[in-house]
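Take a look at the structure set out below.
Computed from the coordinates by the stated procedures, all read-outs in this text should not be read as laboratory data. All values derive from a computational prediction rather than experimental measurement. Here Cβ is always computed from backbone atoms with ideal geometry, including for glycine, and neighbour counts include all displayed protein chains.
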Amino acid sequence: MDKLTLSIPTGRLKEEVLELLARMPGWPASCNLNTRKLVFEDECLPCRIILSHPKDSSTYVEFGAADIGIVGKDILMERENEVYELLDLGIGKCQMIIAVPLSVSHHVFFNKDHLRIATKYPHITRQYLQEKGITADILSLYGSIELAPTLGLADAIVDIVSTGKTLRENHLQVLESIAPVSARLVANLISIRTRMDAIRHFVQQLKGVIRNE
Amino acid sequence: MKDVHPREIRVRRRVEGILQTLFGSWGYTEVEPPTFEYYSTLEKVIGKELKERIFRFVNREGRLVCLRPDFTTSIVRMYSSKLTPGEQNCRVFYDGKIFRYPASPFRTESELTQVGLENIGVNNPSVDAEVIALAISALRKVGIEDFSCDIGHVGIFQGMMDSMGYPDPLQEQLKTIVKRKDFIDLDYFLTLHPPEELPMHSLLEEFPYLRGKKELLGEFQKKISPNRRFQEAFERLSRIWDILADFGLEKYLFINLGLIRDFDYYSGVIFEGFSPFSGSPLLTGGRYDELFGVFGKDHPACGFALFAERLIEVLQQSGPVKDDREKTIILSYHPSLRGEVFSLSQDLRSMGMMVLISEDSGGEELLRVTLNGRLIFTGIPEWIALRETIKKEITNG
């Protein structure tokens with residue numbers, strides 16, 4: 001049988017994921033994936049690895065380009081990919097939050113006549129607002145979301161925070177926590193059947209590594 | 001929204017034709033429910049997740065109507081007043097579009113072609129097996145060989161719920177989590193609400209991997225304390241398996257005890273066909289004995305639907321797809337040959353060829369004959385020879 005195809009996101013999660021993999025039985029102690037290549041099929045690797053943009057990892061899995069993949073829960077919530085979520089890797093931990101300027105209290109915020117919220121996660125924001133029964137404009141931005149309230153472009157932001165340092169430096173505070181976020185192992189709906197034993201084996205080994213932390 | 005271009009529609013029509021012939025040869029007749037349904041018809045039977053994906057609007061009388069999100073509900077409505085209990089099986093099939101808003105904000109497809117069938121009136125393992133055998137045969141007939149068919153039973157998950165002893169709201173919550181296939185959330189849930197029978201926790205964790213051949217039934221039975229739901233499910237699955245094995249279809253079959261279907265109306269066996277070349281199932285189906293009850297009648301029924309677009313995707317990925325367009329003859333002729341060319345082109349068409357004719361008064365040659373874009377001949381002697389051959393072919397039948 002062919003090797004499983006594993007999608008790993010580039011960016012902040014990549015190194016942590018590679019450290020976890022290196023501790024799994026049968027994996028080389030260090031995988032050098034630092035070239036510009038995006039597909040790795042080395043014989044020493046138990047999986048075929050593809051490096052994907054963090055936002056795309058779960059999409060590759062959903063459409064079957066990868067059998068399994070690692071992806072942040074924030075992306076899974078935003079894109080609602082139809083995949084199996086099998087394991088919490090316990091890395092890349094942060095919170096999905098809504099934050100407002102330090103000067104704005106909970107009461108003041110929810111009593112504003114009209115709200116505008118800046119975010120990289122328009123779908124999550126829309127759902128959060130719907131659950132709360134609030135109407136607001138959503139301003140979809142690509143980065144440096146914290147700028148928006150400072151410049152008066154938005155009343156609040158919906159984003160992920162880990163330490164809260166960026167928030168503090170931009171005079172923002174957490175208004176409410178929306179959901180905890182961490183890296184997840186996901187699997188394609190069909191691969192989990194056609195490659196069941198291989199995926200199950202991978203999950204068990206990875207689980208072992210995580211529990212030994 | 002999606003345009004369908006000539007090549008794809010040609011392949012799809014051919015696939016639909018094959019399926020219609022197959023279903024017809026097993027005694028199923030075609031029906032066509034309306035594109036619109038009153039929303040109140042569907043509201044009673046469709047789960048919460050799918051409700052949000054229905055195209056709904058208000059008609060002139062102010063009633064809420066919708067575009068059909070599936071065929072089964074409409075067919076049940078059609079037949080609930082027609083059938084009398086105890087009547088022989090009623091076998092029907094359908095072929096048409098269903099409409100649903102995309103499942104995620106990043107998907108665009110909102111109409112799908114479903115070809116499927118319903119076997120109404122009898123509840124026994126041999127009817128289940130007939131329907132599954134037809135599903136397998138459908139995939140083979142359209143030219144897909146590399147596929148499997150997973151069979152499961154709603155009684156497995158229900159039996160597990162019975163053993164866990166949760167009150168209704170928690171049962172609903174658990175069902176939503178399992179349908180979402182979020183096994184991390186499931187673990188949190190089970191830790192927060194430990195089930196009455198503890199092996200259920202580890203069994204639910206194993207849910208994605210409860211797939212195998214017939215032996216799996218025995219292995220699973222050893223891990224659980226029996227209850228009525230489990231018992232019924234095991235007996236039924238085991239008998240269906242034996243019948244399909246006698247049909248010689250065992251190699252396509254898998255028992256999948258972790259199978260869950262989107263529609264809440266299924267009440268017995270459920271099954272899915274899929275191929276490694278598609279990320280989604282090619283067909284889904286099952287037994288829905290309680291659906292007629294919603295419309296005030298009591299008839300058991302079992303059926304399935306194939307997703308035509310996915311079949312074509314698989315056909316295209318697993319090799320070149322036969323395309324009838326490859327036999328095109330172009331006859332380009334001088335006006336003096338008009339009558340003769342017309343009558344010959346009719347003969348060629350009746351022999352199943354695709355013939356384009358084009359009058360060309362400015363050309364140097366009297367006639368140009370092209371087959372699949374390749375020039376065959378331009379001379380009159382060849383033309384006369386071709387005409388004679390065709391005449392002979394036609395008289396010989």
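Between B:Leu198 and B:Gln171, residue separation times 0.36 nm minus the direct Cα-Cα distance comes to 8.1 nm. Direction-averaged projected area, Cα convex hull, the protein assembly as shown: 39.6 nm², rounded to one decimal. A DSSP coil position with no more than 16 other Cβ atoms inside 10 Å describes the following GluC sites (Glu not before Pro) in the range A:4-48: A:Glu41, A:Glu43. Each residue in B:Thr370, B:Thr389 was given a count of other beta-carbon atoms within 10 angstrom of its own, and listing them fewest first yields B:Thr389, B:Thr370.
For the residues of B:147-153, the average number of beta carbons from a partner chain within 10 Å of their own beta carbon is 1. Taken about its Cα centre, the range A:131-175 carries a charge dipole of about 140 debye when Lys and Arg each add +1 at the Cβ and Asp and Glu each add -1 at the Cβ.
Value of Rg to Rh for the range B:328-395, rounded to two decimals, is 0.93; Kirkwood radius and Rg both from alpha-carbon coordinates.
Values of log10 I(q)/I(0) for the range B:253-351 across q = 0.19 Å⁻¹ run -0.98, by the Debye formula with one identical scatterer at each alpha carbon and no solvent.
In this simple spin-label model, placing a label point 7 Å from the Cα along the Cα-to-Cβ direction at both B:Glu205 and B:Ile376 gives a separation of 7.0 nm.
Looking at the range B:184-254, which GluC sites (Glu not before Pro) are DSSP coil and have at most 13 other C-beta atoms within 10 Å of their C-beta?
Taking the range B:184-254 and a limit of 13 other Cβ atoms within 10 Å, the loop GluC sites (Glu not before Pro) found are B:Glu196.
For the range A:94-179, the convex hull drawn through the C-alpha positions has a volume of 84 cubic angstrom per residue. In this structure, A:Arg12 and A:Leu102 have a Cβ-Cβ separation that, at R0 = 35 Å, corresponds to a calculated FRET efficiency of about 0.85. Look at the stretch A:185-198: the mean tally of other chain Cβ atoms within 10 Å of its residues' Cβ atoms is 5. Taking other residues whose beta carbon is less than 12 angstrom from the beta carbon of A:Leu147, and scoring Lys, Arg as +1 and Asp, Glu as -1, yields -3. Beta-bridge orientation, the protein assembly as shown: approximately 75 percent antiparallel, per DSSP, counting only bridges with both partners inside. By the count of neighbouring beta-carbon atoms within 10 Å, fewest first, B:Thr72, B:Thr21 end up ordered B:Thr21, B:Thr72. For B:Lys175, the lysines whose Cα comes closer than 23 Å to its Cα, not counting residues fewer than 8 places off in the same chain, are A:Lys73, B:Lys44, B:Lys48, B:Lys51, B:Lys223. Between B:Lys327 and A:His171, the FRET efficiency estimated from the beta carbon spacing at R0 = 60 angstrom works out to 0.25. Each of the trypsin sites (Lys or Arg not before Pro) that DSSP puts in a loop and that has at most 16 other Cβ atoms within 10 Å breaks chain B; the longest unbroken stretch is B:108-212. Tally Lys and Arg at +1 and Asp and Glu at -1 over the other residues with C-beta under 13 Å from the C-beta of B:Ser225: what net charge comes out? With Lys, Arg at +1 and Asp, Glu at -1, the net is +1.
Note on the range B:133-236: the alpha carbon radius of gyration divided by the globular reference 2.2 N^0.38 Å gives 1.24. Sorted largest first, the principal axis extents computed over the alpha-carbon atoms of the range A:1-41 equal 31, 21, 14 Å. Over the C-alpha trace of chain A, radius of gyration and Dmax come out as 19.5, 61 angstrom. Between the helical axis of B:308-317 and the longest alpha-carbon principal axis of chain B there is an angle of about 70 degrees.
Taking each DSSP H run with n ≥ 4 as -39500 (n - 2.57) and averaging over every residue of chain B yields -13000 deg cm²/dmol at 222 nm. Net charge within 9 Å of B:Trp241 by Cβ-Cβ distance, Lys/Arg positive one each and Asp/Glu negative one each, not counting B:Trp241 itself? Within the 9 Å Cβ shell, the charges total +1. Residue order for B:Cys149, B:Cys302, A:Cys44, fewest other beta carbons within 10 angstrom first, comes to A:Cys44, B:Cys149, B:Cys302. Against the main long axis of the alpha-carbon atoms of chain B, helix B:183-192 sits at an angle near 10°. Put simply, the Cα atoms of chain B extend 90, 55, 46 Å along their principal axes, the longest span coming first. Rounded to the nearest 5, the antiparallel percentage of DSSP beta bridges internal to the range B:328-395 is 55%. Need one value for B:204-212: mean number of C-beta atoms belonging to other chains within 10 Å of its residues' C-beta atoms. Other-chain Cβ atoms within 10 Å of each residue's Cβ, averaged: 3.
Shape analysis of the range B:1-62 based on the Cα gyration tensor places the equivalent ellipsoid semi-axes at 30, 19, 13 Å, largest first.
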